[in-house]
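Before any comments, here is the structure.
The values are calculated or read from the model by the stated rules, or taken from the named source; none is laboratory data. Note that the structure is a prediction, hence the values are computed from the model and not measured. With ideal geometry, Cβ positions are generated from the backbone for all residues, glycine too; neighbour counts draw on all protein chains shown.
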Amino acid sequence: MVKLLFLFLMEVYSFSQQKSDEEILEEILVKHNLSINDFRVYNSTSERPDYYYCCDPNLWYIIQDNKVKKLVISSEGLTRLDLSGLTNLEKLELNWCNLTDLKLSNLPNLKELYLYGNSALTQVDLSGLTNLEKLNLRACNITDLKLSNLPNLKELDLYRNKGLIRVDLSGLTKLEKLNLKYCENLKEVIISKDVKDKINIEGDINKINLIWK
C-alpha cells in the first residue's frame, strides 16, 4: 500500500502576495529539487491550489523547513516521528497512522493537534505546547495523560480511549469542551472548578467520579 503524505504547501510557506501561484510552486520545487510529477494538484473552487498531495513517502523531509504552518500526514507505515523545532507550526494532523513514538518539542505556536486513530499510541509528551487550544486523541490507546502544562487548552477529545482510568485536568482553566464517550474504564476525572459553569462534557458522566478542584 502506498504511504500517503499530505502537505499544505500553498498555505504553509510565507511568500510575497505579488507572486503568482505558479511562481510560488516553482520556488518550492527548485528549493527541494523536486519535479511537478512528484505531486498531484487539487484545485479549490477559487482555482487556487489548496494543497499538494504527495505520493512518495520519502519526500516528507520537506517538512523540516520551519516555515511550515499547517501539516497533515496520514501513513499506516508511520510509527515514529520527530517534528521538534517547527517553530511556526500552528496546526498538525497525524490521523490514522500507527505512531508509537512522537516528539513534539519546541513547537511554541502549535494551536491544534489531531492524533485520531493512532491505536498503538499509549502516551504523548505535550509539555511545552503552551499555546495549544485543541487536542484530539480520539480512538488512541492512551493510558498516561499529563496535561498540566496546557494553560490555553479549550477543547479535549478523549473519545474511545479504553486504557484511561484516571485523568487530572485541574490545570486546564480554559477548558470548554470535553469528550469522554466510550472511555469504558475511566473511573475518575479531576476538573478545574474555574470551568464548572461553562464546560460541556460529553459521555456517561454518571459512571465517572467528577472531582471539581
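Being under 25 Å from the mean Cα position of the chain (by Cα) and either acidic (D, E) or in a loop (DSSP other than H, G, I, E, B) (or both) is the filter here, so list the residues in the stretch 179-213 that pass it.
Taking the stretch 179-213 first, the residues under 25 Å from the mean Cα position of the chain (by Cα) are 179-186, 189-192, 195, 198-203.
If the condition is that a residue be under 25 Å from the mean Cα position of the chain (by Cα) and either acidic (D, E) or in a loop (DSSP other than H, G, I, E, B) (or both), then L180, K181, Y182, C183, E184, N185, L186, S192, K198, I199, E202, G203 are the ones that fit.
Only one residue in D125, D157 is assigned by TED's automatic domain parsing to the domain that holds Y182 and surrounded by fewer than 17 Cβ atoms within 10 Å (Cβ to Cβ), so which one is that?
Details: D157 fails: surrounded by fewer than 17 Cβ atoms within 10 Å (Cβ to Cβ).
Step by step, each of D125, D157 is checked, and only D125 is assigned by TED's automatic domain parsing to the domain that holds Y182 and surrounded by fewer than 17 Cβ atoms within 10 Å (Cβ to Cβ).
Mind listing whichever residues of the stretch 146-168 are among the aliphatic types (A, V, I, L, M) and assigned to a loop (DSSP other than H, G, I, E, B)?
Keep residues of the stretch 146-168 that are among the aliphatic types (A, V, I, L, M), which gives 147, 150, 153, 156, 158, 164-165, 167.
Listed by number, the residues that qualify are L147, L150, L153, L158, L164, I165.
Restrict the check to the stretch 102-124 and report whether at least one residue is aromatic (F, W, Y) and either at pLDDT 90 or above or over 30 Å from L164 (Cα atoms) (or both).
Initially, the stretch 102-124 is screened for residues aromatic (F, W, Y), giving 114, 116.
Subsequent filtering for residues that are either at pLDDT 90 or above or over 30 Å from L164 (Cα atoms) (or both) retains 114, 116.
Yes, the stretch 102-124 contains a residue that is aromatic (F, W, Y) and either at pLDDT 90 or above or over 30 Å from L164 (Cα atoms) (or both).
Given the structure, is I142 of a type in the set (V, I, T), part of a strand (DSSP E or B) and assigned by TED's automatic domain parsing to the domain that holds S105?
Working: of a type in the set (V, I, T): yes; part of a strand (DSSP E or B): no; assigned by TED's automatic domain parsing to the domain that holds S105: yes.
No: the conditions fail for I142.
Can you give me the number of residues within the stretch 178-197 that are under 14 Å from L150 (Cβ atoms) and either loosely packed, with under 15 Cβ neighbours inside 10 Å or in contact with a strand residue (DSSP E or B) (Cβ under 8 Å, 6 or more places away or on another chain) (or both)?
Summing the residues that are under 14 Å from L150 (Cβ atoms) and either loosely packed, with under 15 Cβ neighbours inside 10 Å or in contact with a strand residue (DSSP E or B) (Cβ under 8 Å, 6 or more places away or on another chain) (or both) in the stretch 178-197 gives 3.
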